[in-house]
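The values are calculated or read from the model by the stated rules, or taken from the named source; none is laboratory data. Computed from a predicted model, the values in this text were never measured in an experiment. Neighbour counts are summed over all protein chains in view; Cβ atoms, including those assigned to glycine, are modelled from backbone coordinates with ideal geometry.
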Ligand SMILES: NC(=O)c1ccc[n+]([C@@H]2O[C@H](COP(=O)([O-])OP(=O)(O)OC[C@H]3O[C@@H](n4cnc5c(N)ncnc54)[C@H](O)[C@@H]3O)[C@@H](O)[C@H]2O)c1
């Protein structure tokens, strides 16, 4: 049995807790949270831009810590799952690795490439696993696209467009603070930067146009520059219409198929969805049957990969720290490009 301690019981800590309950061979043995109400099991103040709201929880049998330094040295724990705000990721991850724990840390790995690199090197030094919670490849539609591209089933990729837009997450303190959360570029778009890096490799340069809010990028479109014929763009950021809390989707071009997917959470109207659709030559269009897109199931799929990796004591290719570092490098270059209004080499 793998025993995990979750650090930070906000939206993600709660979703991870719920998702672990669906997986065999792992047990949430400890939680760490600075808010006494949440630590006691009153999770009603927790919310995010998708998934369930928090409820009153029965946490009997789960060790509770207010101080993260105490939880990471708990000898009964094998894995520390870091769900604290990004500013905490480097310090807590490095300390947990040095205390002999494997670490699964939420995205973004860190708010700058130097800290991200430090985390990867700490895992190498400690001989422990570091996995970063880039969940997007575990969404069934993105999983289909990842498989389609990496298998070459529809020929070489020609490029595509990605979209990830949210309304203002007013419940998150410090969202626009570059040293604490990093704004929409590092909090939100980093998912697409990671997926683009995963399926297309690192671009040679980026060109981003957009708007700033204080010191962080607020809304932006990026062209990722590869050698032709590959052409990739992504739009991301915050638009202040609370009626549409979350959108993501893509249109991907391969030599022998186009893949379409669009999802928009519309709480007042019901979600607007274009299910994953495959357009192939000869005028054919099909909608493959996919696994559950329920958010808790998607996170459970990601956590199953964490458990598999810990059990086998082998790194997970999808959750690799190095890939997560590259995603942060891209976000940094994109912000630089937006500010300088020119192409920036990667
Ligand atoms: N993969 C995804 O789709 C996804 C979605 C949302 C958030 N996230 C990531 O999850 C992480 C957390 O985000 P969130 O939305 O859950 O934030 P949140 O603010 O809802 O939760 C963070 C929790 O950490 C606690 N905390 C902060 N500092 C602490 C400390 N020193 N000791 C103990 N507890 C502390 C806070 O009290 C809070 O309850 C971020 O890295 C974020 O980017 C990922």
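Of note:
- Selected residue [part of a helix (DSSP H, G or I) and touching a strand residue (DSSP E or B) at 6+ places or on another chain (Cβ under 7 Å)] from 191, 248, 207: 191
- Residue match in the stretch 195-202 (condition: away from the ligand (no atom under 12 Å from the Cβ) and without any contact (Cβ under 8 Å) to a residue 40 or more places away in the chain): yes
- Residue 173 at pLDDT below 95 and more than 18 Å from the chain's Cα centre (by Cα): yes
- Among the residues of the stretch 278-312, those that are part of a loop (DSSP other than H, G, I, E, B) and within 22 Å of the chain's Cα centre (by Cα) comprise 290, 291, 292, 293, 294.
- No other residue among 324, 257 is at pLDDT 95 or above and more than 21 Å from the chain's Cα centre (by Cα) apart from 257.
- Among all positions in the stretch 103-125, there is at least one residue which is within 16 Å of the ligand (Cβ to nearest atom), over 16 Å from residue 322 (Cβ atoms), touching a strand residue (DSSP E or B) at 6+ places or on another chain (Cβ under 8 Å) and touching a residue at least 60 places away in the same chain (Cβ under 8 Å).
- Verdict on residue 39 being in the same structural domain as residue 311 (by TED's automatic domain parsing) and either more than 11 Å from the ligand (Cβ to nearest atom) or touching a helix residue (DSSP H, G or I) at 6+ places or on another chain (Cβ under 6 Å) (or both): no
- Residue 167 passes every criterion in (1) over 30 Å from residue 286 (Cβ atoms); (2) assigned by TED's automatic domain parsing to the domain that holds residue 255; (3) under 15 Å from the mean Cα position of the chain (by Cα) apart from (3).
- Remark: residue 145 matches the filter, which requires a residue to be more than 16 Å from the ligand (Cβ to nearest atom), under 19 Å from residue 319 (Cβ atoms) and touching a strand residue (DSSP E or B) at 6+ places or on another chain (Cβ under 7 Å).
- Residue tally, condition without any contact (Cβ under 8 Å) to a residue 24 or more places away in the chain and away from the ligand (no atom under 15 Å from the Cβ), over the stretch 64-102: 1
- Any hit, the stretch 284-302, residues being surrounded by fewer than 17 Cβ atoms within 10 Å (Cβ to Cβ), outside the structural domain of residue 178 (by TED's automatic domain parsing) and under 30 Å from residue 227 (Cα atoms): no
- Residue-level analysis places residue 15 outside the set of residues that are in contact with a strand residue (DSSP E or B) (Cβ under 7 Å, 6 or more places away or on another chain), within 9 Å of the ligand (Cβ to nearest atom) and either assigned to a strand (DSSP E or B) or touching a residue at least 60 places away in the same chain (Cβ under 8 Å) (or both).
- Under the condition of being more than 8 Å from the ligand (Cβ to nearest atom) and within 16 Å of residue 63 (Cα to Cα), the residues counted in the stretch 22-36 number 7.
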